[in-house]
Amino acid sequence: QMQLVESGGGLVQAGGSLRLSCAASGSLLAFKISAMGWYRQAPGKQRELVARISRDTYTNYADSVKGRFTISRDNSKKMVYLEMNNLKPDDTAVYFCAQGISVATIDAVASWGQGTQVTVSS
């Protein structure tokens, strides 16, 4: 299993920006062949997929964040990023980094980070 550590969360006003980072441990090869993603979970709601990036850097986004969020990866540093712009109060949630052969569904995820809180005030 890969250990994942998120950072970059915080409190921001609506319309603001944040950049989340996820640092992965383990072998470089294992990271390179992994799909990576970001999920989020708001209070009282189910965990949902926000964005994912394949080993070949194909990306996919939830409709609610398209055009505002950008996922990227730096294999040399074993890092994944989520750039979040034009944040809305509905984006308030705990954001989790995810790793696996696929991260398209919760059941497919092999490793989770501990989560980082993002709070967007109106």
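Of all residues being part of a strand (DSSP E or B) and open to solvent by 50 Å² or more (accessible area, probe 1.4 Å) in the range 102-118, which is farthest from Lys32 (Cα to Cα)? Just the residue, please.
So the residue we want is Gln117.
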Some residue of the range 58-71 being under 13 Å from Gln99 (Cα atoms), without any contact (Cβ under 8 Å) to a residue 40 or more places away in the chain and assigned to a loop (DSSP other than H, G, I, E, B): no
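Using the structure shown, decide if Val12 is in a strand (DSSP E or B), surrounded by 13 or more Cβ atoms within 10 Å (Cβ to Cβ) and over 14 Å from the mean Cα position of the chain (by Cα). Break it down stepwise before answering.
Working: in a strand (DSSP E or B): yes; surrounded by 13 or more Cβ atoms within 10 Å (Cβ to Cβ): yes; over 14 Å from the mean Cα position of the chain (by Cα): yes.
Yes, satisfied.
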Residue in the range 22-42 that is in contact with a Cys (Cβ under 7 Å, 6 or more places away or on another chain), surrounded by fewer than 17 Cβ atoms within 10 Å (Cβ to Cβ) and either touching a residue at least 24 places away in the same chain (Cβ under 8 Å) or of a type outside the set (Lys, Arg) (or both) present: no
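Can you tell me which residues in the range 19-54 are of a type outside the set (Ser, Thr, Tyr), at negative phi, in a loop (DSSP other than H, G, I, E, B) and more than 15 Å from the chain's Cα centre (by Cα)? Working first, answer last.
Pass one, the range 19-54, residues of a type outside the set (Ser, Thr, Tyr): 19-20, 22-24, 26, 28-33, 35-38, 40-53.
Going one step further and asking which of them are at negative phi, we end up with 19-20, 22-24, 28-33, 35-38, 40-43, 45-53.
Narrowing the set further to residues that are in a loop (DSSP other than H, G, I, E, B) leaves 33, 42-43, 45-47.
Once the filter is applied, which keeps residues that are of a type outside the set (Ser, Thr, Tyr), at negative phi, in a loop (DSSP other than H, G, I, E, B) and more than 15 Å from the chain's Cα centre (by Cα), the range 19-54 yields Ile33, Pro43, Lys45, Gln46.
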Residue in the range 67-101 that is least open to solvent (accessible area, probe 1.4 Å), counting only those that are within 14 Å of the chain's Cα centre (by Cα) and among the hydroxyl-bearing types (Ser, Thr, Tyr): Tyr95
Pairs where the first residue, in the range 104-122, is closer than 28 Å to Gly15 by Cα and of a type in the set (A, V, I, L, M, F, W, C) and the second is part of a loop (DSSP other than H, G, I, E, B) and open to solvent by less than 40 Å² (accessible area, probe 1.4 Å), C-beta under 9 Å, 6+ apart: Val118/Gly8; Val118/Gly9; Val118/Leu87; Val118/Thr92; Val120/Gly16; Val120/Leu87; Val120/Thr92
Flag if Gly15 is modelled with pLDDT of 95 or more, out of contact with any strand residue (DSSP E or B) (no Cβ under 8 Å at 6 or more places or on another chain) and at positive phi: yes
Failed condition for Ser64, given (1) open to solvent by 20 Å² or more (accessible area, probe 1.4 Å); (2) within 14 Å of Gly8 (Cβ to Cβ): (2)
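The values are calculated or read from the model by the stated rules, or taken from the named source; none is laboratory data. Please read these numbers as outputs of a predicted model, since none were measured by experiment. Virtual Cβ from ideal backbone geometry, glycine too; neighbours counted across all protein chains shown. These accessible areas exclude ligands, DNA and RNA; they are computed on the full protein's heavy atoms, side chains included. Shrake-Rupley method; radii C 1.70, N 1.55, O 1.52, S 1.80 Å.
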